[in-house]
Amino acid sequence: MTMTTTRTRWRRVALSGWLVLALCGGMAVARALASEVRTPSRRLSAEESILLGRAAAQAEPHWRRRSLHSFPGDFWSQDDDFGASERGWVMQEARRRDVPVTEVFDAIDTELRASGPVFPPRKATASPCKPRPFYD
């Protein structure tokens, strides 16, 4: 194979790569322009806020147990999995009630601050990110 043939091949590969990148970028821009931003139509009432905060508090032990089972000995991953469970629940509740996600998080926060002593105590700290136990 000659040097010019190799250069020509690499130019075609580079051009193909740029074309694919441009196509993907164009599709992303078109999709962003065509999507509509849905704004929630209402806000939570005080009673709904209290009920949602209490519902999250009741669900928390289940989320924690499931995280503990999924990641035994890995506290950081347990916290991360718990956060994913809570976030999924919050998103679902916000969609179901047609309220902003921040309203549901505020309801949980209000419940955490107003509930006083809870038994068993709810975790309010972050675990350090260390290597997983099975990597040692």
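Just the number please: accessible area per residue for the chain, 1.4 Å probe, all protein chains included, in Å².
Per-residue accessible area for the chain comes out at 78 Å².
What are the DSSP H helices in the chain that stretch 18 Å or more along their long axis, judged by alpha-carbon atoms, and whose average Kyte-Doolittle hydropathy comes to at least 0.0?
Helices meeting the span and hydropathy rule in the chain are 3-34, 101-114.
Using a 1.4 angstrom probe on heavy atoms only, work out the carbon and sulfur share of the accessible area of the chain in %.
Exposed carbon and sulfur together represent 62 percent of the surface.
Taking a ≥ b ≥ c as the square roots of the eigenvalues of the Cα gyration tensor of region 46-99, is the shape rounded (a/c under 1.5), prolate (a/b larger than b/c) or oblate?
prolate
Can you figure out the FRET efficiency of residue 101 with residue 20, using R₀ = 35 Å and their beta-carbon distance, to the nearest 0.05?
0.50
Would you mind classifying the chain by shape? Square roots of the alpha carbon gyration tensor eigenvalues, ordered a ≥ b ≥ c; an a/c under 1.5 is rounded, otherwise it is prolate if a/b is larger than b/c and oblate if not.
The shape class here is oblate.
The values are calculated or read from the model by the stated rules, or taken from the named source; none is laboratory data. Given the structure is predicted, the values throughout are model-derived calculations rather than measurements. Note: ideal-geometry Cβ built from the backbone for every residue, glycine included; neighbour counts use all protein chains shown. Quick note on the areas: whole protein, heavy atoms, side chains included, nothing else; ligands and nucleic acids left out. Shrake-Rupley method; radii C 1.70, N 1.55, O 1.52, S 1.80 Å.
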